[in-house]
1. Just name the residue that is surrounded by the fewest Cβ atoms within 10 Å (Cβ to Cβ) out of those in segment A:94-122 that are within 14 Å of chain B (Cβ to nearest Cβ) and assigned to a loop (DSSP other than H, G, I, E, B).
2. Looking at this structure, is residue B:119 under 19 Å from the mean Cα position of the chain (by Cα) and surrounded by 19 or more Cβ atoms within 10 Å (Cβ to Cβ)?
3. Do we have residue B:215 as in a strand (DSSP E or B) and touching a residue at least 24 places away in the same chain (Cβ under 8 Å) here?
4. Given the criteria without any contact (Cβ under 8 Å) to a residue 60 or more places away in the chain and within 14 Å of chain A (Cβ to nearest Cβ), does residue B:224 qualify?
5. Residues that are crowded, with 21+ Cβ neighbours inside 10 Å, at least 3 per element: which strands (runs of 3 or more DSSP E) completely within segment B:270-346 meet that?
6. For segment B:268-287, give me the residue count where each residue is closer than 19 Å to residue B:44 by Cα and more than 11 Å from chain A (Cβ to nearest Cβ).
7. Do any residues in segment A:28-47 that are at pLDDT below 95 have Cβ atoms under 9 Å from those of residues that are surrounded by 10 or more Cβ atoms within 10 Å (Cβ to Cβ), where the two are at least six apart or on different chains, and which pairs are they?
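The values are calculated or read from the model by the stated rules, or taken from the named source; none is laboratory data. It should be emphasised that the depicted structure is a prediction, and the values quoted were computed from it without experimental measurement. When we count neighbours, we look across all protein chains shown, and the Cβ atoms used for this are built from the backbone with ideal geometry, even at glycine.
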């Protein structure tokens, strides 16, 4: 008991000492370099999605997403989740992407957290950047 | 429209209605200079036959063309001929061109062909021309002068640079949204040929020009565009009545520039979004255009189609046959001096499914 109390007091002293010494509260701050790094990470995935979208999925029939959706147009990612009338339920964008993969592309659906699925959505959203969210819109 | 031409048109229209589940386009030319004979022609375009391997082709695109051929064969009165508006193939492979031509061989009647970029850039049109002949030509039919141009050429230097393969060059142009793609053009040589060809035609002869790309500028990033469009339009300007019919865009376009009416053909393969659906770049959709419905991908043939054209005054009326959608007629209005959608030109008559965003 006495030992525990000593530890608690010591920890409080260390925290106090760091605060007084002016060291940064690391969880609360990031700088331009961090932002640049995170943007690079994001754009790497967007680029991966761009390639997958333009014939990089390896499906046997060679049909690619961009054949119907140049620059990701006419996907309307801002409208998801929405009631997809043809599927009869409210779905997220990934579920509609899987419908396209299974039907016109004649390939197997991807897990919704698959890296390629994430990349496809990153590309689609990136090409639609700046458009206001409109979940549920038809 | 004369009673005779209206009768023929309605007759043909009812045949189309009976076959309206199918995607082709037919054109009625109920007028020809110095001729009392009405005539019709069908207009099928953009089938993008895609070879997978061996004897396997993408079934969806095959079905679109097969359906168009079947429907064209049901037309009554029989069209005098059929136009094919380009992009038989997806990647210009001989297998694709031959497979497409085999399907098209089922058509009853002569077919005139237009070169598309998907037919061209693998071997610069060599195989297509071996099978089908010249890529630009003209002919007269019952008082109308028809001209076919190869409008999908681009800069000579780019086409003839050192490529790792013809297929590599094709893939630069076949991908619609490729930032490395080059602008389409008719080019100096063909424009000189066109000038010489038109010099022999009297100015009151109706002229119908076929190109694959629009001979007007709509959206450069997707090559809904011909770089020297204005120079071609200038050659057509002296004529009383000119119509330009083009493919490539896989959607309905309507426009009037001076004496020239413009109409786009639907594809038999798949639809493309209107350029405004891509919000990162500006585009110029002609104001007269009443947009086709947003496609429902769960209906394979939705937003594909074909046209039936009626030239009752020497101008073109286009009848769009649209599977899974109500058919549309974009007719030349002699009072207004431009084409109008006979049912939907008024905004109030449009449906929510036509709203593109």
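1. A:103
2. Numbers: under 19 Å from the mean Cα position of the chain (by Cα): yes; surrounded by 19 or more Cβ atoms within 10 Å (Cβ to Cβ): yes.
Here the answer is yes, as residue B:119 does meet what is asked.
3. no
4. Here the answer is yes, as residue B:224 does meet what is asked.
5. The strands (runs of 3 or more DSSP E) meeting that bar are B:306-310, B:317-321, B:328-333.
6. Qualifying residue count, segment B:268-287: 1.
7. Listed pairs, sorted by first residue: A:30/A:38.
So that you can scan it fast, the table gives a plain yes or no per residue for (1) out of contact with any helix residue (DSSP H, G or I) (no Cβ under 7 Å at 6 or more places or on another chain); (2) under 23 Å from residue B:104 (Cβ atoms); (3) touching a residue at least 24 places away in the same chain (Cβ under 8 Å):
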{"residue": "B:250", "(1), (2), (3)": "yes, yes, yes"}
{"residue": "B:259", "(1), (2), (3)": "yes, no, no"}
{"residue": "B:262", "(1), (2), (3)": "yes, no, yes"}
{"residue": "B:268", "(1), (2), (3)": "no, yes, yes"}
{"residue": "B:283", "(1), (2), (3)": "no, no, yes"}
{"residue": "B:293", "(1), (2), (3)": "no, no, yes"}
{"residue": "B:299", "(1), (2), (3)": "yes, no, yes"}
{"residue": "B:330", "(1), (2), (3)": "yes, no, yes"}
{"residue": "B:341", "(1), (2), (3)": "yes, no, yes"}
